[in-house]
Amino acid sequence: MSVPPRSPARRRDRATALDLRTREDDRAAARVERLAQQSWVAGAEPELPVRATRPEHVVFHLGPTNSGKTHDSLAALAANRSGVYAAPLRQLAHEAYARLSEQLPPGTVGLATGEEEIHPDAPIVCCTVEKAPMRGDLLVLDESHWVADPDRGHHWARLVLTGEYREMHLISAAEAYLLLKPLVADAERITVVNHKRLSRLDVLRAPVRPDGVRAQTLVVAFSRKAVYAVAAALDPYRPGKVGVLYGALPPATRREVIDRFTRGETEVLVTTDVIGHGINVPATTVLFAETTKFDGEERRPLRTWETAQIAGRAGRYGLTGHGTVGVLSGLTGMRADARLLQAGAEVARGDAMSDLPRRAPRLRPELDDLGAFEPVDLPEALTRWMSWARAETRDQAMTADDVTGLIVRVHALLPLLRGPLGAVGDLWTVWRLINLPIDYNPPRRTRWLVLARAALRSAAGLPVPPESVLEPLPARGTVEDYEQAAAAARDAQTLLRSFPGVAGLAGEDAAEVEEAAAERITELLPDAIALSASGRCTSCGAGIAPWFTTCRDCSVGAAGRGPGRDHHRRTQHHDGHGRHPRTGGGRVAASESGDRGRRGRASDGRGRGRAGDGRASRSR
């Protein structure tokens, strides 16, 4: 039987009806989406955090280095017999803990850092800022100018702005007062104590050569390679008496290095700018081998406030006499600007204002600020929060923090939640994972993701190989191998503190691996210093900057683009960077540019991949 064809009119009517239904469905869905978005906006719109109880008294301790700011604040804390001391570095927390423990009865003082706890419920607790409680009786906040730090400043901002303490002592460079004062504008009473430097700080008129470096001297360079190159150049003049200090060393090794210098077992300490963050050592002289550093984005001259923080380590009151600061010369490829040191010394003495960056304190959202319902909502919720918060704080003394890094982590984590791990990847779990203080910058980017996957698999009851969380200690290796092992163990500790029991491990297991790595590093350091190359081309032996491995002529010759090694050996005309004068500052050879990129990851600036304490390494 044949089916009669439908008329064009009927087809048009059916198509029109279907189109109308589709459009109605679309409009209904749009209305639902609009209501959801309005609800989200209402829940996520930022409000500046406020404290329920305002402080009775805020005391600002302002002044240059070595002016007694921390001493007076700790005296107030000891007299109060209750409160919190918070600082940016574990080393400073340890120093305060040791100093107060000598003055007060046993059990009165506790310690809480990201790696260890000793009597954490004691009346007085010395801690890193991230571990500081949000309420208490008296707060001493050291290095408060870190509120302007682009990586960790949001921890200072939230503590100062919302911390509920009866009394607060804020220790800072004078330049940060205008940044900090608006955060405590609700205080009943504010007192400003201006401190003066307690010892002289003079600038040496002439550079010092390696054979003229005296005992109790700090020598400053700004990368791991540069530190070892300088130490190798100084070691022949003081064999076995030269130490190194930089951020990639495990905390236990750093403490041992500082203790050896304090006891006089090490006479010269070559260090990065990690020494400038309030660490007290008996140094009479600070010599700069260089005054430029890679900050994670570019190699730039030091700012005067950075120079002052480091130069001020010389001549610590109560440890040595007056201090001196100067230039270390005679090292190929490394130069220091004497005029910059003069300006830094003026700031360190309190005779001039520094160029501390005028960054507004930054706030980061809590999960409740976002209005997100599921992990998949987080990227858009974070983006919206950042936009709204910047608009909301336009006329305020603070601004919204850049949360792009959190968004990147969410996007990396979401694909894992599409399978069986989705059942355990709830919003709160994902939020905790993306906020783990584990470096997510190359070359360590995969480490965070491996640990996050391990936490999710463990929560889902799936097998997790222990070695994927806690890598075994190498049986043999170099100092750098054990530094990497210690860093991996610290990452494992960070994970296990928030997600205990992953792969059947506890934080103590990771702490043991880090301690063993630190012991091996301490054993290997003397030979590592003695055997380091002090800025020599690996091909021809010509003097070059320590962050290069070969000079320009050898690199060009090896690539078949120049006169080659034999011609280079005949000429031997180089500047400090292994460049032939005729070539000027032209294109960098492949090996040089490659090593320059690696130098960026090893730098001790506040960049993400530094060897220093920054965001080291997130060293907390």
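The values are calculated or read from the model by the stated rules, or taken from the named source; none is laboratory data. Given the structure is predicted, the values throughout are model-derived calculations rather than measurements. FYI the Cβ positions are ideal-geometry reconstructions off the backbone, even for glycines, and counts take in every protein chain you see.
A compact table of results
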| quantity | calculated |
| --- | --- |
| Residue satisfying condition, being surrounded by 20 or more Cβ atoms within 10 Å (Cβ to Cβ), modelled with pLDDT under 90 and of a type in the set (Gly, Ala, Ser), within set Ala381, Ala400 | Ala400 |
| Leading residue by the ranking (surrounded by the most Cβ atoms within 10 Å (Cβ to Cβ)) among those in the range 363-378 that are over 26 Å from the mean Cα position of the chain (by Cα) and more than 28 Å from Ala185 (Cβ to Cβ) | Ala372 |
| Any hit, the range 445-468, residues being touching a helix residue (DSSP H, G or I) at 6+ places or on another chain (Cβ under 6 Å), among the aromatic types (Phe, Trp, Tyr) and not assigned by TED's automatic domain parsing to the domain that holds Ile118 | no |
| Residue identified as farther than 18 Å from Gly344 by Cα, at pLDDT 95 or above and surrounded by 24 or more Cβ atoms within 10 Å (Cβ to Cβ) among Val213, Val268, Val286, Val220 | Val268 |
| Filtered residue count, the range 132-150, keeping only those that are surrounded by fewer than 20 Cβ atoms within 10 Å (Cβ to Cβ) and closer than 30 Å to Ser354 by Cα | 1 |
| Condition broken by Asp355, with the remaining ones in (1) assigned by TED's automatic domain parsing to the domain that holds Trp305; (2) closer than 22 Å to Ser67 by Cα satisfied | (1) |
| Whichever residue in the range 310-341 is more than 30 Å from Thr70 (Cβ to Cβ) and in contact with a Lys or Arg (Cβ under 7 Å, 6 or more places away or on another chain) and, among such residues, is surrounded by the most Cβ atoms within 10 Å (Cβ to Cβ) | Ser329 |
| So Pro466, is it modelled with pLDDT under 95 and surrounded by fewer than 17 Cβ atoms within 10 Å (Cβ to Cβ) | no |
| Residue count for the range 294-304, restricted to those that are in contact with a Gly (Cβ under 8 Å, 6 or more places away or on another chain) and either surrounded by fewer than 24 Cβ atoms within 10 Å (Cβ to Cβ) or farther than 24 Å from Gly63 by Cα (or both) | 5 |
| Strands (runs of 3 or more DSSP E) contained entirely in the range 228-344, each with at least 2 residues that are farther than 22 Å from Arg520 by Cβ and over 23 Å from the mean Cα position of the chain (by Cα) | 285-288, 323-327 |
| When residues of the range 169-193 are limited to those that are in a strand (DSSP E or B) and touching a helix residue (DSSP H, G or I) at 6+ places or on another chain (Cβ under 6 Å), the one farthest from Val59 (Cα to Cα) | Ser172 |
| Residue that is surrounded by the most Cβ atoms within 10 Å (Cβ to Cβ), among those in the range 403-443 that are charged (D, E, K, R) and touching a helix residue (DSSP H, G or I) at 6+ places or on another chain (Cβ under 8 Å) | Arg409 |
| Matching residues, the range 194-227, being over 22 Å from Pro282 (Cβ atoms), within 31 Å of the chain's Cα centre (by Cα) and not in a strand (DSSP E or B) | Phe222, Arg224, Lys225, Ala226 |
| Whichever residue in the range 482-517 is of a type in the set (A, V, I, L, M) and assigned to a loop (DSSP other than H, G, I, E, B) and, among such residues, is modelled with the lowest pLDDT | Ala506 |
